[in-house]
1. Would you tally the net charge around residue 306, using a Cβ to Cβ cut-off of less than 12 Å, leaving residue 306 out, and scoring K and R as +1, D and E as -1?
2. Quick one: what are the phi-derived ³J(HN,Hα) couplings along the stretch 38-47, Karplus 6.51/-1.76/1.60 with θ = phi - 60°, whole Hz, x for glycine and proline?
3. Give me the accessible area per residue for the stretch 1-151, probe 1.4 Å, as a whole number in Å².
4. For residue 65, enumerate residues with amide H under 5 Å from its amide H, sequence gap 5+ or separate chain, H modeled in the peptide plane.
5. What number comes out for accessible area per residue over the stretch 155-212 if the probe is 1.4 Å? Units Å², please.
6. Which of 21, 87, 306 sits closest to the plus end of the dipole of the chain, meaning its Cα is farthest towards the positive end, when Lys and Arg get +1 and Asp and Glu get -1 on the C-beta?
7. For an R0 of 35 angstrom, estimate the FRET efficiency from the Cβ-Cβ distance between residue 247 and residue 180 and round to the nearest 0.05.
8. Just to make sure I understand: if all protein chains stay in place, what is the order of 212, 108 by accessible area at 1.4 Å, largest first?
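The values are calculated or read from the model by the stated rules, or taken from the named source; none is laboratory data. Since we're looking at a predicted model, the values are computed, not measured. Backbone-built Cβ (ideal geometry, glycine too); neighbour counts: all protein chains shown. Areas reflect the complete protein model, heavy atoms only, side chains present, ligands, DNA and RNA absent. Shrake-Rupley method; radii C 1.70, N 1.55, O 1.52, S 1.80 Å.
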Amino acid sequence: MTKEIFKNIYLIEVPLPNNPLKNLNSYYIKGKKRNLLVDTGFNNDICYEALTEGLTEIGATMKNTDIFLTHLHSDHTGLCGRIASESSKIFIGSLDKTYLEYFCKGTYWDDTKDKFVNQGFSESEFLVNKDTNPIVKYAPPKDTLYTAVEDGHVFDLGGVRLETIFTPGHTPGHMCLYIRDKKILFSGDHIIFDITPNISPLPGITNSLGCYLKSLEKLKDLEVEHTLSSHRNAMGDDKKRINELIEHHMERLDEAYSIVENSGGLSSYEVASKMTWSVRLNDWKDFPPHQKWFAVGEAAAHLDYLQQNGKIHKYKRDNVYIYSVS
Ligand SMILES: [Zn+2]
């Protein structure tokens, strides 16, 4: 589905089959000098066809269009190299550029195995994840060239100006885009309306949840009339959603704390298996491997937040991080 949601701003819905995110909302912004495509979809044929059909419907060509990636995840970046023309620049926040290039170079799983084991995954679950995880499978080709942008960078498309806002937490270098004179915010995966963005431990950041909550606070005073998010329902009330997201994480912190409190010490994997999840599965053992990966990451981010705030302890036992109250 493609539609003009505001003058010269188009929404292209890119389906993400068999993925709980359901769709990626790609945005096309028409300017007088250049146009900008915000996020692209996985690097697979279904996403490619939907995105190219959407662009054709709008009458857009990549010859005069650049690409902005809100963050490094492949449901946003996957197609950028395939869709770009020779003159297209592919922009991404500088921190995520570094991690995306690393992510695509092919050693990610070898380097990440220890992290899985440290969180309490078994070796066999790690191996299944390695083969099935869509985040790595549908990433952009490793020779793709990116241009790094910093916080406050302005894209002047001619008639429309967009500013980047650095909002780390979902990824180390996540960025939103803001059209100040129209009070429109492209929130990427920082604010999503129907689901909560995944928050997991991040490279180079000791408290990713704390970092995410700080980035939510950062947007509280921003004048926004329309927020355009990356998944499911594109639009909603940003201030209301910011408060709901903060509340959600406070409840999750309470839940994680009470699970640890009533135990003699648990790994993130064990805590995740006892937390409540809004997936239609009753039993933790029925979770698909990559959903376990997200869930364990989410649990670890909450446990690290509690540990950083002095509420619980974290120590290593047989190569696995254990969280306990005493
Ligand atoms: Zn996403």
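1. Charge balance in the 12 Å sphere: -1.
2. Values, residue by residue: 9, 6, 10, x, 4, 7, 9, 5, 4, 5 Hz.
3. 45 Å²
4. 35
5. 28 Å²
6. Of the candidates, 87 comes out farthest on the positive side.
7. 0.80
8. 108, 212
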